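Asks: Below is the structure I would like to discuss, written out as structure tokens.
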Amino acid sequence: MNLSPRDRKAVGSSRRLMWLGLQSNEWMLAAAVVAVVVLSAILDVHHTYWNNPRLSALDIARQTAFLGIFALGAAVVIIAGGIDLSAGSMIAFSGTICATLMVLMAPDVMSNPHQLVGGKLVERPLGWQVISVAIAGTLLVGFLIGTLHTWLITVVGLPPFIATLATLVGLRSLSRAICESVTQAVYDAKSTQIQIFDPAFRYLATSVWIPVLIFLLLAVLLGILLRATVIGRHIYALGGNEQAAVLSGIRTDRVKWLAYCLGSVTSSIAGILYIGDQSVADPQTLGRGYELNAIAAAVVGGCSLQGGVGTVPGTVLGALFLRCVIDGVAKIIKTGADVYEGQIVGVVVVIAVAFSQFRRGVRQGRQIFPGAMGVFALVALSLLAAVLAMLMAEQMARFVPGAQNLDARGTGMSLGLLVLVLLAGWKWYESRGR
Amino acid sequence: MALIDFEHVTKTFPGVVALEDVSLCIEQGELHAICGENGAGKSTLMKILSGVITDYEGTVRVRGNPIRFRGTKDAEAAGISIIHQELNLVEQLSVAANIFLGREFHRFGFLQQRRMDQAAAALLAELECDFDVRQRVAELRVGDQQLIEIAKALSLDSDILIMDEPTSALTEAEAERLFRVIERLRRRGVTILYISHKMDEIFRLADRISVLRDGRLVATRRKEETSPREITHLMVGREIEATQFAGRTRGELLLEVRNLSLPWPGHARRWRLRNISFTLHRGEILGIAGLMGAGRTELLECLFGAAREPFEGQILLRGRHVYFRHPIEARRAGVAMVTEDRKRLGLFSQMNVRENVTIAHLTRLSRAGIVGKHSEEQAAGSVVQRLAVRTPSLRTAITALSGGNQQKCLIGRWLLTQPDVLLLDDPTRGIDVGAKAELYRLMDQLARQGLGIILTSSELPELLTVCDRIVVLAEGRLTAEFSREEASEHKIMEAATLGALEPSDD
């Protein structure tokens, strides 16, 4: 082939670096994971990662598996050009359905979970039939909700955002209603949650290897689906250009059906695991806000919300990265991960996406802090940094040995000031270039 | 002193040089026609002058001062307005609201609706049009919408007006009115840059004519010193001989369309297409001519199972009734369509050449749902070779290719499905002359292999060059059919603008 220099340049820019099936940005993410782990190990006064590597690794692996399972589903929907906001409620709904099915099939065991055997109190088993029917029923419900989403989007014509927002709100309240009325009907006593003690069922979630195995199996299957199959190519085509996909003879409605079903079925799997892990199905709190964690993992892993872009390995790394940061911060400031989870997810997503956007933008000479909006944006960022630093320093002063003298207000203000000076310096630099 | 000076302006897009070292002066008060084939760089040049494109090499001077617009606002402030081929109006807003969009009259942030309506009415009166300024733009015809854009330019006190193929969607009467408006503007001293490739318009309106070809300025001539023939020759660079495409043998009947009607719910015309009947044989290229909005694309969409509403009438493919509800059914029956708007309807810009070429044929290249890497490479490779696509490799991003090569990839996508009927919707839009000639040869070759091809085009010379027969659409009706021998640009334009020959039946 005859190539002009211009053509050659085009090749260079379009060929992505790939080793071991990972693209260059995925390698960067993997490096970021390592960096976060090393940093946490050093900054943690107990050096938990260093002193107890096996337990730490297993904990992170399990947490990553829980998040990763439904993050993969969210990723497929995003790659197909849609969005599934319902994941959190879908987890609660699936957990409730699973527990309710158990109550309906084995009311006695569920209400009197313990019995005396040889003078010792042990859990009464539900039996594998009950457990497998409950799980199968839950997965079926996941499939049906996915189908409902697709129907709302393709036939009724709702935008995916609205359709899944409706189920996000609706399914959680439906879960509560089901939980209350089923317990009322079966036990004649209304309850807002259902407890599950069956050791076999709980083992599914509390063991490390089963959630991780499910996660890896799902990742491998979806990885093959996206990369090597006709359907996978059609998913990318649908996400990249829906009209062109239709005009190329792709049954886009069916592809969407598959994508949204994968989105809700993976949430169902996660829902089953979560109730096993917590040994209770509490529709009010279960999976609250998790939809955003899933979308965050996908986006950090390189999926574009415009659709058509994203990979399974990227999403796996995205979930791992997110969990490592959450866990690392919890180790450093010695407080429950749940308090800071939302902030961490927010910050990580913004930084990860901003990083890739700005890399391109700055090269094209775009300003990051243009005009008056830029001034207020950098003030907002500095304030945020100050508040975060203050909160964390306060936590550390209270819980971390050797950090009692940490002055929270001083730390927050000086860090905020530092960020303000740095960002203002950047603004001065970029506006000078005009 | 020249009013506008382009000095050594160069603009490259990934994979294409849109403009190469163009130097051109525009005099105060003249009407300067810029002509050239599609993809010659006319629009790029005008986008630079109007601040749409901001990164280019070279200098542009206006009234002697070098300028570097950062956006259309800067250009407007310098008195330059552009009337785009695709109109930039907010259809849901009123005429007056559109004219003053972004510059609304207000007091303390509250709109002064009456003042705007009055000012808008005054501007429109000046352009001798009489519609209510409170009407929504969506309710107006394209010709009237265009006048709103012109009124907007006048309200900006623009003394330089760029018109990008303004008559491409107009009926003859509307075009006449536009020419009268242009005369009035000239009397006010407005300098007009007029982009077109229609010779009669150019020679009627222009003082000077500049010709662009493949991104270079070929010549600038005073109207008196040149002829349409010379300009055409300069535009094309060489003549494409029509005779080399004649003499194909017409095969058996392949496709027959009987009384096809496509409804248009909620529109005054009620029908996008009404009672269309025609036939297509093997080995034949059938052209469909018509103005913008005449229904060319809609007709092809009906044949391809991509129509927005269910249509009436019959389609017979190889003698059997067919009704495609989805393009996949058309594809399986051996009908292929290369869509009009490459970027919007054809390309998957995130994918590479190979993936773009094989997307419609993937099922055949797979076993148990798994795509065969090797067979996919081979299929894509064979197409790239057969159509002589200029690409560094099969893994190159499709967006890195030039328009002509992208179009070849899209045609290749459909050739892989081994169709009998190939529908080409304006396939040469936005591609350079050399690639066009290649596409013509390709179409001829495919027809000789026994395909039936239906071709639409916005350029009549193209249809006259490659088609065996040409049918003409006007406002959704089929108004004429010409054989290659009968057809002429004049006859086709007449049929496309004069309206339905048969009396309407509804």
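Asks: Among the residues of region B:357-402, write down those that are facing chain A (nearest Cβ under 7 Å), part of a helix (DSSP H, G or I) and open to solvent by 10 Å² or more (accessible area, probe 1.4 Å).
Replies: B:363, B:400
Asks: Specify which of the listed residues (A:163, A:185, A:134, A:205) is without any contact (Cβ under 8 Å) to a residue 24 or more places away in the chain and touching a Leu at 6+ places or on another chain (Cβ under 7 Å).
Replies: Residue meeting the stated conditions: A:163.
Asks: Tell me which of these residue B:208 doesn't satisfy, since it passes every other one: (1) open to solvent by 20 Å² or more (accessible area, probe 1.4 Å); (2) out of contact with any His (no Cβ under 7 Å at 6 or more places or on another chain).
Replies: It fails just one condition, (2).
Asks: Separate question: Considering only residues that are in contact (Cβ under 8 Å) with a residue 60 or more places away in the chain and small (Gly, Ala, Ser), look in region A:215-235 and name the one that is farthest from residue B:361 (Cα to Cα).
Replies: That would be A:219.
Asks: Which residues, counting only those in region B:116-131, are in contact (Cβ under 8 Å) with a residue 12 or more places away in the chain and either surrounded by 15 or more Cβ atoms within 10 Å (Cβ to Cβ) or assigned to a helix (DSSP H, G or I) (or both)?
Replies: Those that are in contact (Cβ under 8 Å) with a residue 12 or more places away in the chain and either surrounded by 15 or more Cβ atoms within 10 Å (Cβ to Cβ) or assigned to a helix (DSSP H, G or I) (or both): B:116, B:117, B:119, B:120, B:121, B:123, B:124, B:126, B:127, B:129, B:131.
Asks: Related question: Which residue out of A:316, A:349, A:345 is out of contact with any strand residue (DSSP E or B) (no Cβ under 8 Å at 6 or more places or on another chain) and either within 14 Å of chain B (Cβ to nearest Cβ) or open to solvent by less than 30 Å² (accessible area, probe 1.4 Å) (or both)?
Replies: One residue alone meets the criteria, A:345.
Asks: Test of understanding: among B:491, B:436, which residue is modelled with pLDDT under 90 and closer than 30 Å to residue A:249 by Cα?
Replies: On inspection, the qualifying residue turns out to be B:436.
Asks: Evaluate the following for residue A:415: is it open to solvent by 70 Å² or more (accessible area, probe 1.4 Å) and in a helix (DSSP H, G or I)?
Replies: Considered against the rule, which asks whether it is open to solvent by 70 Å² or more (accessible area, probe 1.4 Å) and in a helix (DSSP H, G or I), residue A:415 comes out as yes.
Asks: Hey, does region B:274-297 have a residue that's free of Cβ contacts under 8 Å to residues at least 24 places away in the same chain and open to solvent by 40 Å² or more (accessible area, probe 1.4 Å)?
Replies: no
Asks: Could you count how many residues in region A:174-204 are surrounded by fewer than 20 Cβ atoms within 10 Å (Cβ to Cβ) and closer than 22 Å to residue A:73 by Cβ?
Replies: Residues in region A:174-204 being surrounded by fewer than 20 Cβ atoms within 10 Å (Cβ to Cβ) and closer than 22 Å to residue A:73 by Cβ: 2 in total.
Asks: Is it fair to say residue A:249 is crowded, with 24+ Cβ neighbours inside 10 Å, in contact with a Pro (Cβ under 7 Å, 6 or more places away or on another chain) and within 12 Å of chain B (Cβ to nearest Cβ)?
Replies: yes
Asks: For residue B:146, all conditions in the list (1) under 21 Å from the mean Cα position of the chain (by Cα); (2) assigned to a loop (DSSP other than H, G, I, E, B) hold save one; what is the number of the exception?
Replies: Going through (1) under 21 Å from the mean Cα position of the chain (by Cα); (2) assigned to a loop (DSSP other than H, G, I, E, B) one by one, residue B:146 breaks only (2).
Asks: For residue B:418, indicate whether it is open to solvent by 30 Å² or more (accessible area, probe 1.4 Å), in a loop (DSSP other than H, G, I, E, B), more than 10 Å from chain A (Cβ to nearest Cβ) and not aromatic (Phe, Trp, Tyr).
Replies: So residue B:418 passes the test.
Asks: Let me ask another. I want to confirm something. Restricting to region B:327-336 and keeping residues that are within 26 Å of the chain's Cα centre (by Cα) and either more than 7 Å from chain A (Cβ to nearest Cβ) or part of a loop (DSSP other than H, G, I, E, B) (or both), which single residue is surrounded by the most Cβ atoms within 10 Å (Cβ to Cβ)?
Replies: Step by step, filter region B:327-336, then rank; the result is B:335.
Asks: Determine if region B:308-317 includes at least one residue that is open to solvent by less than 10 Å² (accessible area, probe 1.4 Å) and acidic (Asp, Glu).
Replies: no
Here's the yes/no breakdown for (1) open to solvent by less than 40 Å² (accessible area, probe 1.4 Å); (2) at pLDDT 95 or above; (3) under 30 Å from residue A:243 (Cα atoms); (4) outside the structural domain of residue A:283 (by TED's automatic domain parsing):
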| site | (1), (2), (3), (4) |
| --- | --- |
| A:49 | yes, no, no, no |
| A:55 | no, no, no, no |
| A:59 | no, no, no, no |
| A:65 | yes, yes, no, no |
| A:72 | yes, yes, yes, no |
| A:76 | yes, yes, yes, no |
| A:80 | yes, yes, yes, no |
| A:89 | yes, yes, no, no |
| A:95 | yes, yes, no, no |
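The values are calculated or read from the model by the stated rules, or taken from the named source; none is laboratory data. None of these values were measured; they are calculated from a predicted model. All Cβ positions, even for glycine, are placed from backbone atoms using ideal geometry, and neighbour counts span all protein chains on display. These accessible areas exclude ligands, DNA and RNA; they are computed on the full protein's heavy atoms, side chains included. Shrake-Rupley method; radii C 1.70, N 1.55, O 1.52, S 1.80 Å.
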